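Working notes for the structure below.
Just so you know, all these numbers are worked out from the coordinates, no wet-lab data involved. Owing to the predicted nature of the structure, the values given are computational and were not obtained by experimental measurement. All Cβ positions, even for glycine, are placed from backbone atoms using ideal geometry, and neighbour counts span all protein chains on display.
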Amino acid sequence: MGMPVDPQEFRTAMARFPGAVTIITARVPEERRGITATAVCSVSAEPPSLLVCVNRGTGTGAAIHETGRFNVNLLADPADELALRFAGARGVTGEEKFAAGDWGEDDRGLPVLRGALLSLSCDVTDTLEAGSHTVFVGCITQIHQGEGAPLMYERSRFHRLQPI
Ligand SMILES: Cc1cc2nc3c(=O)[nH]c(=O)nc-3n(C[C@H](O)[C@H](O)[C@H](O)COP(=O)(O)O)c2cc1C
């Protein structure tokens, strides 16, 4: 194996990948948890599944580990303020994050953002520890469809999706 590149070089390179912005949510008995995330990817149609990469230091990652469940809420443009809040802006964390946004819940009591483009309820089927992050593969058990255009993120800025 060759020498890995420097982490800062990695961050600068990966920042060129545009990402659709989501809020991944989970629920433990005492509280709701959620983080802004772009590391979300479709995996397979049979079974219908996706993967998310969640930092191990987050309460959301711990809640997913504990319960084996999570939701992915695809944000509509404009939801940049909400995305910053769920990224921990101004030190807001845990249940306090949910004081902004119109939140409901799915059949299992997990947070669903009303006004999201899509909310996908997932049950964890596989877990992989990879460096600082955990990769959770989730089987999709419920889909809530919304409307609008997706909020994008690239080179540390939010963007609108424009048709060519
Ligand atoms: C645009 C954007 C994308 C992010 N994507 C991810 C991601 O895919 N996975 C992840 O673990 N953290 C990601 N983060 C960082 C988390 O949102 C952040 O660490 C977390 O919300 C901190 O929450 P806490 O302060 O409650 O622990 C992203 C942040 C931003 C602004």
Kindly provide the GluC sites (Glu not before Pro) of region 83-159 that DSSP labels as loop, not H, G, I, E or B, and whose Cβ sees at most 16 other Cβ atoms within 10 Å.
147
Calculated FRET efficiency for the pair residue 56/residue 17, C-beta based, R₀ 25 Å, to 0.05
0.70
Do any GluC sites (Glu not before Pro) in region 20-67 lie in a DSSP loop with no more than 15 other beta carbon atoms within 10 Å, and if so, which?
30
Once you place label points 7 Å from the Cα toward the Cβ at residue 81 and residue 3, how far apart are they in nm?
4.7
Only residues of region 1-22 count here: report those whose backbone N is under 18 Å from the spot 7 Å along Cα→Cβ of residue 156, or say none.
6-19
What's the exposure ranking of 143, 164, going from fewest to most Cβ atoms within 10 Å?
164, 143
Which order results if 1, 152 are arranged by neighbouring Cβ count within 10 Å, fewest first?
1, 152
Expressed in nanometres to one decimal, the distance between label points 7 Å along Cα→Cβ at residue 10 and residue 114 is 4.1
Would you please report the Å³ per residue occupied by the convex hull of the alpha carbon atoms in the chain?
143
Length added when fully stretched, residue 99-residue 127, from 0.36 nm per residue minus Cα-Cα:
7.1 nm
Mind listing the phi-derived Karplus ³J(HN,Hα) values for region 30-45, rounded to whole Hz, using 6.51, -1.76 and 1.60 with θ = phi - 60°, and x for any glycine or proline?
7, 6, 8, 10, x, 9, 6, 8, 10, 7, 9, 8, 5, 10, 7, 8
